[in-house]
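Shown next, in structure tokens, is the structure this report addresses.
The values are calculated or read from the model by the stated rules, or taken from the named source; none is laboratory data. Everything numeric here is computed off the predicted structure, so don't read it as measured data. Methodologically, a virtual Cβ is constructed for each residue, glycine included, from the backbone with ideal geometry; neighbour enumeration extends over all protein chains shown. The protein model used for the area step is the full one, side chains on, heavy atoms only, and it has no ligands, DNA or RNA in it. Shrake-Rupley method; radii C 1.70, N 1.55, O 1.52, S 1.80 Å.
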Amino acid sequence: MICSKLAKRSTDKPTKARFRRMEAAWKALAREQDWLDGEIAPIEAFRFARPAGVRQSHAA
């Protein structure tokens, strides 16, 4: 992915973290689309939907 390549080339931590978050977001979107297209089971689409280290908000 382009985001991964940009993260590897980044020289400062905030930029590297931003590209890593972008990469995780694109991967989650791709998994969700695979689920919507019927290519994977729902449990597979959402098992890894949230990137490691990202907490789920309980605010509703």
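The table that follows gives values for the structure above.
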quantity: Residues that are open to solvent by less than 70 Å² (accessible area, probe 1.4 Å), part of a helix (DSSP H, G or I) and of a type outside the set (A, V, I, L, M), drawn from the stretch 1-15; calculated: Cys3, Ser4, Thr15
quantity: Answer residue from the stretch 21-42, given it is small (Gly, Ala, Ser) and over 22 Å from Ser4 (Cβ atoms) and is surrounded by the fewest Cβ atoms within 10 Å (Cβ to Cβ) among those; calculated: Gly38
